[in-house]
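Remarks on the structure that follows.
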Amino acid sequence: MRIGPEASIWYNCVIRAEVNYVEIGARSNVQDGSVVHCDGPKPGVPGGYPTIIGEDALIGHHCMIHGCTIQDRGFAGLSATVMNGAVIESGAMLAAGAMLTQGKTATAGQLWAGSPARYIRDLSSEEIAGMQTGVRHYTENAKAHRAALEF
């Protein structure tokens, strides 16, 4: 498992990497109650499904992130599920409660929603900028929280 600098993992999260690896990039955050896991090798998939979360990614509260890739600046909304082999590309948003099923890709700059998730529309530049505001908020919030716990 690798967790990058200034990444934050909040209360009641579970991150398991016993059968493959998990990477969480710099300044990414995994919010309260989320589960991050990977999947090991199996017939037809000799490398299994590691979980790779890039830099500056937002993982909302209570997400299920399993054997997938969330690229730099990707976003998984509250209670979203991302399954084996799925990809949230840079600047893409998976809406709250959505399920991105195995092997699907939420394309850069798009909003995907539903269960199973499907393309809804392109994101505005304001929405994409808002995701990065969220990254900065959680990075600063984590620093303040860490400092408050030191005594």
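Descriptive notes on the structure:
- For q = 0.17, 0.21 Å⁻¹, Debye-computed log10 I/I(0) when each Cα of region 53-106 counts as one equal scatterer: -0.37, -0.58
- Sorted from greatest to least, the principal axis extents spanned by the alpha carbons of region 14-81 come out as 32, 21, 17 Å.
- A straight line joining the Cα centroids of region 72-151 and region 1-62 runs 13 Å.
- Relative frequency of Cα-Cα separations exceeding 13 Å in region 98-149, percent: 67 percent
- Gyration tensor verdict on the chain (Cα atoms; rounded if a/c is under 1.5, prolate if a/b is larger than b/c, oblate otherwise): oblate
- Summing charges over neighbours of THR69, with a neighbour being any other residue whose Cβ is under 15 Å away from its Cβ, gives -3 when K and R count +1 and D and E count -1.
- Over the chain: helical MRE at 222 nm, DSSP H runs n ≥ 4 each giving -39500 (n - 2.57), nearest 500: -6000 deg cm²/dmol
- Solvent-accessible area assigned to carbon and sulfur over region 31-76 amounts to 60 percent, based on a 1.4 Å probe.
- Unit Cα scatterers, Debye sum, region 82-125: log10 I(q)/I(0) for q = 0.33 Å⁻¹: -1.22
- Highest-first arrangement of 123-129, 89-95, 101-107, 37-43, where packing means the average Cβ count within 10 Å: 89-95, 101-107, 37-43, 123-129
- Antiparallel DSSP beta bridges within region 1-82, percent to nearest 5: 10 percent
The values are calculated or read from the model by the stated rules, or taken from the named source; none is laboratory data. Source: prediction; values computed, not measured. With ideal geometry, Cβ positions are generated from the backbone for all residues, glycine too; neighbour counts draw on all protein chains shown. These accessible areas exclude ligands, DNA and RNA; they are computed on the full protein's heavy atoms, side chains included. Shrake-Rupley method; radii C 1.70, N 1.55, O 1.52, S 1.80 Å.
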